[in-house]
Ligand SMILES: *Cc1c(COP(=O)(O)O)cnc(C)c1O
C-alpha cells in the first residue's frame with residue numbers, strides 16, 4: 001500500500017495499517033464497567049484503561065507507529081521531539097527497541113519523575129526554556145544542524161494513525177458506545193480516536209476534556225484558527241502546551257470531529273483522580289482522569305453508553321497520595 005505522507009489526514013485504512021504495524025509492541029488495554037459512575041450518571045459508563053499501556057500512557061501507540069515508518073536512512077539519523085513527558089518517554093522506548101538514537105527536549109515545567117524515566121530509557125533529555133515552544137526551537141535546531149528526524153507529539157500523520165488505533169479498539173470492545181470522553185491537549189488523541197471511531201460508527205459522539213486554564217485547542221477552536229495560549233501549572237500537566245501556530249492536521253480534525261469540548265477546574269480534575277483511586281482502584285495522572293472528573297462533576301450529560309478514556313498514569317506518587325488524602329496543591333490557583 002502507498003504510504004501516506006506525514007502531513008496527510010489519516011483515514012480508516014491508515015488506522016488499520018497502524019494497528020498491524022504496532023501489534024506486539026503495544027498492549028490491547030482493558031475496557032471495564034464502572035458501576036459507581038453508572039449509578040452517579042444513570043447510564044452505563046465504561047472505562048478504557050489505557051493508563052495501563054506500556055510506558056504508562058497511550059503515547060506509545062503513536063510513537064511506535066511513527067518509528068516503524070522511518071526509512072533506513074532516517075533510522076541512522078535518529079529521532080528528536082519536544083514533549084511534556086509522556087510522548088518523550090514513549091518515543092524513547094520505541095526508539096530503544098529499534099536501536100535508534102533519541103533526543104527529547106522539554107520545558108522546565110516537566111515533573112521530575114517523567115524526566116528521570118526518559119533518561120532511564122536511554123534517551124538524551126534536554127531542558128530548555130519555560131514553554132513547549134522554546135523546547136520546540138531546540139528540536140528545530142537538531143533537525144536543521146544534525147539532520148535528526150522530528151517525531152512531534154501530535155501533529156504528524158504517523159503519530160495520529162497510531163493514536164487512532166485506540167478508536168478502533170474502543171468501538172470493538174464497546175459496540176454500544178454512544179459518547180467517548182477524551183482528554184484533549186494538542187488533539188492527537190482526540191482527533192485519532194474520533195476519526196477512527198466515527199469511520200466505524202458515524203453516530204458516535206466524541207467530547208474533548210481539558211483543564212480550564214491554558215486549554216490551547218479549545219481557545220483555538222473558539223478563535224477559528226490555532227492561537228497561542230499562556231501555560232499554567234496544572235494537575236493535568238500532560239495537557240499543557242500549545243497546538244502549534246502552523247498546525248496542519250489536528251486542529252482541522254478536531255474542528256471536524258469533536259462534538260464538544262468541556263473544561264474542568266483543578267478541583268474537578270482532583271476529584272477525577274480520587275474517584276478512580278477510591279472507587280475503581282486505579283492510579284491515574286491528572287490528564288488521564290479528566291473524563292471521569294467531568295462525569296463526577298456532572299459537567300457532561302450524555303445519552304447512551306459512555307466511554308471515558310483513562311489516558312495515562314505517570315503522576316508523581318507523592319502528589320497522588322496527597323490528592324487522594326484530600327489535598328490539592330493546585331486548587332488555590334482556581335481563585336485567580
Ligand atoms: C499527551 C497526553 C494527552 C493529550 O493528548 P493530545 O494528543 O496532545 O491531545 C492526554 N493524556 C495524557 C496522559 C497524555 O500524555
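Quick notes on this one:
- Among 271, 140, 316: highest mean-square fluctuation, GNM of the chain, C-alpha pairs under 10 Å: 316
- Computed P(r) (all Cα pairs; region 89-240; 10 Å bins; percent): 10, 32, 36, 18, 2, 0
- For region 233-257 and region 274-336, distance of Cα centres in Å: 20
- Sorted fewest first by neighbouring Cβ atoms within 10 angstrom, 110, 67 come out as 110, 67.
- Coarse-grained scattering of region 117-182 at q = 0.12, 0.13, 0.26 Å⁻¹, given as base-10 log I(q)/I(0) from a Debye sum over alpha-carbon atoms: -0.53, -0.60, -1.19
- With kT/(6 pi eta Rh) evaluated at 25 °C and eta = 0.890 mPa s, and Rh the Kirkwood radius from Cα pairs, region 252-302 diffuses with a coefficient of 213 µm²/s according to Stokes-Einstein.
- Every helix of 4 or more DSSP H residues in the chain counts as -39500 (n - 2.57), and over all residues that averages to -13000 deg cm²/dmol at 222 nm.
- The per residue volume of the convex hull around the alpha-carbon atoms of region 254-336 is 113 Å³.
- For the chain, the alpha-carbon radius of gyration amounts to 0.91 times the rule-of-thumb value 2.2 N^0.38 Å expected for a compact globular protein.
- Share of pairwise Cα-Cα distances greater than 12 Å in region 32-85 is 75 percent (whole percent).
- In region 190-336, the alpha-carbon atoms span a convex hull of 116 Å³ per residue.
- As computed over region 7-148, the Cα convex hull volume per residue (Å³): 153
Taken together, the values in this text are just the output of simple stated rules run on the coordinates, not laboratory data. Given the structure is predicted, the values throughout are model-derived calculations rather than measurements. In this analysis, Cβ positions are derived from the backbone assuming ideal geometry, glycine residues included, and neighbour counts consider all displayed protein chains.
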